[in-house]
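All remarks here apply to the structure that follows.
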Amino acid sequence: MVRVHDPYNSSSLIRVRGLDKKYQRGGEEIHVLQGLNLDVDKGEFVAFMGPSGSGKTTLLNLLGGLDVPSAGSIGVAGDEISHMSRRKLTEWRARHVGFVFQMYNLIPVLTAFQNVELPLLLTQLSKLERRSHVEAAMTMVGLDDRMSHYPRQLSGGQEQRVTIARAIVSDPTFLLCDEPTGDLDRKRAEEIIDLVQQLVKEHGKTVLMVTHDPVVARRADVTLHLEKGSLVEAGLAAEVTGGGSV
Amino acid sequence: MKFGGLIFANLFRKKIRLMLTIGSFAVALFLFGVLAAVYEVFDVGPDLAVSDRLIVINRASIIQTLPVSFKERIEHLPGVKQVTFHRWFAGIYQDEKNFFPQYAIEVENRRQVFPEFVVPDGQWQVFAKDRQGAIVGAATAKRFGWKLGDRIPIRGTIFPGSWEFNLDGIYHGRHTEDDQSEFWFQWDYLNERLALQQRGQVDGIDLRIENRDDSVRIGKLIDAEFANSLAQTRTYTDKAIGASFVKQMGNVELLILSIGGVVFFTLLLVTGNTMAFAVRERTSEIAVLKAVGYSELFVLLLVLAESLVLAVVGGGLGLALAKLFTLRGDPTGGILPFFHLSPKAIFTGLAVALVVGAASGLLPAIFAMRLRVVDALRRV
């Protein structure tokens, strides 16, 4: 269940309370997120929509431990991350978060296999175990026959699949997808969302996705709208719960 | 080495840039190697000489002579073991460019005073009995293709006329650094052909002493012995005379250090700029590495490792080329007799290359380390 107003749920996988994020630009203070609450359960697929500058990516960065909030708390699977040091956050990201970016951000001088293997190099897994994990992830995204290809030898859709494989290879607690279809045509975008949905439904992954595309957002279980730093509107995509829930 | 693939993949990202950067290191370290070899000609030679050896020259100048009779007086001083002498000849073999050092030497004690130059006993015996005999270093013999028994004509400059010698022996140095370019012939042969007023003179008297700790005392004793003579003396250790010789040629050390300093500073700027570009062009990749869990320290070390690999490969290549170059021998035809790149100089060169590599990679590495993931991804 996804809730944006109920402050009493304590069993959620992701639990955000009173989240504030402010930036200083020149002498001006910009309030990007204001008093935001959010609960996301394990296995949910949540889409965030909203106009440019509404704070979608900022929210994703905060949830992924790439940025720290000005106020409020973020709890993920029992870890309170809002006050972690940068070093701790880095270690936490390695264990809990899989990132999928709009521009894929693969390392061009590494093969698809090596790109997917990157998060595993930080673990104690043996070379054989790493290979097995990478092959499983590449099979899951349907690219087990493209492992030795370099990013330049892949189509945009294939590159994004490799990015997804890299995100899931270490079996993180949840995936954060920032405009994962933003650089793809409709057909490729559908394929990527099919894949994300498959990860949620068949493998129980939790996915939080930012998108501008309403067609893509409709494929999520829940779509939340961000406007002027607040979750002001909740579009019902799947289950609706009471008490201000979506 | 599970991260080795990442380091090498990054290095091979731009092959031309990689080759140019390695080339910059190679050229700089080649130059360093050659300069070090030149420097060692002036510095290492005296170091290698036995420290219980002194040389006595005219107090007025190294080009003023001493009476040969001083040899006998020095031999009688307490603490003196063996004494020999030499005279600089400066002749021309066929052409002026065929320079090699030539000395008229005293035969009896020469080998005892200069034990680092090895002449087979049989050859030395022949030389000692042959008034026109000559011994030559292996390098010079090889240079001119001389063999034992060859007749060698030399045109005198300080001592005009045509001089002919029989090649009776070839000496080798005990160490690779020993000068193997010298040409020795009997002082008696020179002396008997000079005009009467020129006879009985030497340029330097070389001696070994019983105890090396006595060198200062014996030096003063010798100089005091001739304090009131027509030719006052100054006694040096081998090392001191070497340094004095270098000073006459100018401050070689400063010159070499200056050239080396400029080269390495330029290299630092070039490689620093290259590394800065290399890091900036993959800002988003560094951000991704950090996003997936690579620490700031890891990113710092990754960039530094790339820089150090460039330094080691390029520096190693340059030093290897310099070593090959010095193995071909003196490139000047005699001015740099023991032209040699020592292991010490090679290690120093590698150390300097590593320092330059680390310094040039440091700022870009710190930039990469401090890069905020959020900012970097926003730039893409």
Q) Over segment A:14-235, what is the percentage of antiparallel beta bridges among all DSSP beta bridges, to the nearest 5? A) 55 percent
Q. Which whole-Hz ³J(HN,Hα) couplings does segment A:32-47 yield from phi under the Karplus relation 6.51 cos²θ - 1.76 cosθ + 1.60, θ = phi - 60°, glycine and proline marked x?
A. 7, 10, 9, x, 7, 10, 6, 10, 10, 8, 4, x, 9, 10, 10, 10
Q | Backbone HN-Hα couplings from phi across segment B:315-329 [Karplus 6.51/-1.76/1.60, Hz, Gly and Pro as x] | A | x, x, 4, x, 5, 5, 5, 5, 5, 4, 4, 6, 5, 6, x
Q: Within segment B:131-166, report the trypsin sites (Lys or Arg not before Pro) that DSSP leaves as loop and that have at most 14 other Cβ atoms within 10 Å.
A: B:Arg131, B:Lys147
Q: Take A:Tyr23, B:Tyr93, B:Tyr103 and order them by how many other Cβ atoms sit within 10 Å, fewest up front.
A: A:Tyr23, B:Tyr93, B:Tyr103
Q.
Taking beta carbons within 10 Å but only from partner chains, what does the mean come to for residues A:118-125?
A. 4
(Q) Quick check: the distance between the Cα centres of segment B:162-191 and segment B:61-118, to the nearest angstrom? (A) 11 Å
Q.
Longer than 26 Å from Cα to Cα, which of A:Lys205/A:Lys228; B:Lys71/B:Lys129; A:Lys88/B:Lys15; B:Lys147/B:Lys344; B:Lys71/B:Lys142; B:Lys97/B:Lys142 are they? Say none if no pair is.
A. A:Lys205/A:Lys228; A:Lys88/B:Lys15; B:Lys147/B:Lys344; B:Lys71/B:Lys142
Q | Shielding by other protein chains, A:105-113, mean Cβ within 10 Å | A | 5
Q. Across peptide A:84-97, what mean number of C-beta atoms from other chains lies inside 10 Å of a residue's C-beta?
A. 3
Q. If we sort A:124-133, B:307-316 on the protection proxy, mean other Cβ atoms within 10 Å, highest first, what's the order?
A. B:307-316, A:124-133
Q.
Can you order the peptides A:141-148, A:176-183 by their average number of other Cβ atoms within 10 Å per residue, highest first?
A. A:176-183, A:141-148
**Q.** Residues with amide H under 5 Å from that of B:Gln82, placed H, sequence gap 5 or more
**A.** B:Arg208
Q. Using 13 Å as the cut-off for backbone N distance, which residues of segment B:60-98 belong to the label zone defined by a point 7 Å from the Cα of B:Asp213 along Cα→Cβ?
A. none
(Q) For segment B:18-35 and segment B:203-228, what is the centre-to-centre distance using only Cα atoms, to the nearest Å? (A) 46 Å
(Q) With θ taken as phi - 60° and the coefficients 6.51, -1.76 and 1.60, list the Karplus ³J(HN,Hα) couplings across segment B:2-16 in order, rounded to whole Hz; mark glycine and proline as x. (A) 5, 9, x, x, 5, 4, 6, 4, 5, 5, 8, 4, 10, 5, 5
**Q.** Dipole moment magnitude, nearest 20 debye, chain B about Cα centre, only Lys, Arg, Asp, Glu C-beta charged
**A.** 1740 debye
Q. What residues qualify as long-range amide H neighbours of B:Gln186, i.e. H under 5 Å apart, gap of 5 or more or another chain, H built at 1.01 Å from N?
A. B:Ile105, B:Gly133
Q | Neighbour-count ranking [beta-carbon atoms within 10 angstrom, fewest first] of B:Asp121, A:Asp79 | A | B:Asp121, A:Asp79
Q. With labels modelled as points extended 7 Å from the Cα through the Cβ direction, what inter-label distance (nm, one decimal) is found for A:Lys88 paired with B:Phe144?
A. 8.3 nm
Q | Filtered chymotrypsin sites (Phe, Trp or Tyr not before Pro), segment B:179-230: DSSP coil and at most 15 other beta carbons within 10 Å | A | none
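None of the figures in this text is laboratory data; all of them are computed from the coordinates on show. All figures in this text were calculated on a predicted structure; none of them were measured in a lab. Please note: Cβ atoms are built from the backbone with ideal geometry, for glycine as well, and neighbour counts cover all protein chains shown.
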